[in-house]
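First comes the structure, then the notes that go with it.
Read-outs throughout are calculated quantities, based only on the coordinates presented, and are distinct from any laboratory measurement. What you are looking at is a predicted structure, and each value in this text was computed from that prediction instead of being measured. All Cβ positions, even for glycine, are placed from backbone atoms using ideal geometry, and neighbour counts span all protein chains on display.
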Amino acid sequence: MTMSILFMSILAAEEFHDIAPPVDYSLIPPWVIFAGTFLALTIVGLVIWLIAKQRPRPQSPQLPRDRALEALERIRDQIDRLNPYQFSIRVSDILRRYVTEQHGLPVMRQTSVEFLNALTRAPEFSADEKSLLEDFLTRCDLIKFARYEATSADSQLLLEEATRFVKGGQQLATV
């Protein structure tokens, strides 16, 4: 009987075979797949980087003071080309727009007297700035409404006063 048990176990062992490893049916080696995936992802990343690099960066908003100073510098070149009447209107508009944007005072549609009254109630202006603005507006009104025969020197003085006011009342170096 021992012999039959041994014989049966040998027969049973011959019937069962070990599990065969998986058969690779792929015609492309795995390293080629990994290398291709790496190359594709690198190209996609490079394209995204190039697109992001070429897009214009959003510029930080320019401060009202900087915008006003730029506008005053641009109009400086037009002192000799514009007549003093037109020049005074443009400089006055730049200064009024600056006060409206910087300090929130609605002075674009006000007369000079209304503008100065609004300014006296605004605590953020020093006495020097108020007197500088009063002098500027008086000169502008003389040119615009009294038809004062102004010269380019008067226009230069208006521009200097406006620039001094925008810069905060500080004295200008000779231009």
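Work out which GluC sites (Glu not before Pro) in the chain are exposed loop sites (DSSP not H, G, I, E or B, at most 15 other Cβ within 10 Å) and give the longest gap free of them.
Here the longest segment lacking exposed loop sites spans 1-123.
Taking 0.36 nm per residue of separation and subtracting the Cα-Cα distance, what length does fully extending ALA118 through LEU63 add?
Result: 17.6 nm gained on full extension.
Cut-off is 10 Å between beta-carbons; in what order do SER131, SER112 appear when sorted fewest neighbours first?
In increasing order of surrounding Cβ atoms, one gets SER131, SER112.
For region 64-166, what is the convex hull volume of the alpha-carbon atoms per residue, in Å³?
About 83 Å³ per residue, rounded to a whole number.
Near LYS130, which lysines are there with a Cα under 30 Å away, not counting those fewer than 8 places off in the same chain?
LYS144, LYS167
Name the most mobile residue of LEU69, LEU46, LEU142, meaning the one with the largest mean-square fluctuation, in a Gaussian network model of the chain with Cα contacts below 10 Å.
So, out of LEU69, LEU46, LEU142, the one fluctuating most is LEU46.
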